[in-house]
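The values are calculated or read from the model by the stated rules, or taken from the named source; none is laboratory data. Everything quoted here is computed from the prediction, not taken from an experiment. With ideal geometry, Cβ positions are generated from the backbone for all residues, glycine too; neighbour counts draw on all protein chains shown.
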Amino acid sequence: MDRIATARYRVRAEGLFGRPEKPFSFVMLADLHNRSYGADNRDLLALIAAQKPKAVLLAGDMITAKFGRVRMEEAMRLMGALTSRWPVYAVNGNHEQRLTDTAVYGGAWETYLGRVRSLGVQLLRNAREDITVQGMRMAVCGYEMEAEDYKHPGRIGPEEIASAIGPAPGDRYTILLAHHPDCFGACAAWGADLTLSGHKHGGMVRLPLIGPLAGPGPELFPRRTRGMYLENGRRLIVSAGLGGHTIPIRINNPPELVVIDFL
């Protein structure tokens, strides 16, 4: 079984929303694709618990939906375990979004949506949730891309995000869950202080001196596959993901749990 790497990022908050009274952490999961680390994901849950997070953020593709077939049982069990211990905020990725195509997936979308809501996951479908953690005012938002946008994510502009979610709050530290990292420019221009994404599985195969070899799509030599990126003072954190699908290959690219420390 692959060992899960922990990627830790520090964010020092400034502005009208205020600094936290004490440092705290969120964890972010992406691209689980219905995988389990230990029975009922107990190994992954233990690693999350060790971070003592105030919330868990799910950046999409927790399930796998391909060719009319859906695998979601491990993801559902994990979500249930997470919500029993922490607030959980989620956005749909392209695999969850596919379920809305009833011609291909029948009633799978209604099944998925009902189960997620019954577990207590805050599924942010072009929505926002205002929270306060350690005295720090925050807004957790989710932007759900359309199926066609995954083919051309660069065509998304801040006006599309504003139309979907509304204007970015100026008096709260704004986290935007957006599954595809290539819409980061629009997210930053919209007003997200921190955008959280996945989708590219860390580049799948990472070669010395070359870097990531491939991403979903397929995409050769993809950019923004894992790590933190800056644009005009705004941050993007991309998870290398926890699972895979179709050709689940990882070379020099361990599965990853992201921890964000707010200082």
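Observations, loosely collected:
- Residue ID - nearest to L213 (Cα to Cα), chosen from residues in the range 229-263 that are among the β-branched types (V, I, T) and in contact with a Phe, Trp or Tyr (Cβ under 8 Å, 6 or more places away or on another chain): V238
- Taking every residue in the range 26-39 that is part of a loop (DSSP other than H, G, I, E, B) and pairing it with any residue that is hydrophobic (A, V, I, L, M, F, W, C) and at pLDDT below 95, at least 6 positions away or on another chain, the pairs with Cβ-Cβ distances below 9 Å are Y37/M1; G38/M1.
- Scope the range 98-120; condition of a type in the set (A, V, I, L, M, F, W, C) and either in contact (Cβ under 8 Å) with a residue 12 or more places away in the chain or crowded, with 16+ Cβ neighbours inside 10 Å (or both); matching residues: L99, V104, A108, W109, L113, V116, L119
- Scope the range 61-82; condition without any contact (Cβ under 8 Å) to a residue 60 or more places away in the chain, crowded, with 17+ Cβ neighbours inside 10 Å and either among the β-branched types (V, I, T) or in a strand (DSSP E or B) (or both); matching residues: I63, A65, V70
- A168 meets the conditions (1) free of Cβ contacts under 8 Å to residues at least 40 places away in the same chain; (2) surrounded by fewer than 19 Cβ atoms within 10 Å (Cβ to Cβ) in every case but one. The failed one is (2).
- Selection of the range 189-203 for residues being in contact with a Pro (Cβ under 8 Å, 6 or more places away or on another chain) and surrounded by fewer than 24 Cβ atoms within 10 Å (Cβ to Cβ) yields A189, G191.
- On the stretch given as the range 214-250, residues that are at pLDDT below 90 and among the hydrophobic types (A, V, I, L, M, F, W, C) total 5.
- Of the residues making up the range 40-58, just one is part of a helix (DSSP H, G or I), farther than 14 Å from D2 by Cα and either hydroxyl-bearing (S, T, Y) or touching a strand residue (DSSP E or B) at 6+ places or on another chain (Cβ under 7 Å) (or both), namely I48.
- Number of positions in the range 83-101 that are more than 17 Å from S197 (Cβ to Cβ), assigned to a loop (DSSP other than H, G, I, E, B) and of a type in the set (A, V, I, L, M): 1
- Residues (of a type outside the set (G, A, S), surrounded by fewer than 19 Cβ atoms within 10 Å (Cβ to Cβ) and over 27 Å from F67 (Cβ atoms)) located in the range 225-258: M228, Y229, L230, E231, N232, N252, P254
- Where a residue in the range 189-215 is farther than 18 Å from V258 by Cβ and its partner, wherever it lies, is charged (D, E, K, R), with Cβ under 7 Å and at least six apart: L213/R206
- Where a residue in the range 226-244 is under 20 Å from G93 (Cα atoms) and its partner, wherever it lies, is of a type in the set (S, T, Y) and in a loop (DSSP other than H, G, I, E, B), with Cβ under 9 Å and at least six apart: R226/S239; V238/T225; A240/T225; L242/Y37
- Per-region count, the range 132-146, residues surrounded by fewer than 17 Cβ atoms within 10 Å (Cβ to Cβ) and touching a Pro at 6+ places or on another chain (Cβ under 8 Å): 2
- Candidates in the range 83-97 are the residues that are closer than 14 Å to G120 by Cα and of a type in the set (S, T, N, Q); of these, the one that is surrounded by the fewest Cβ atoms within 10 Å (Cβ to Cβ) is S84.
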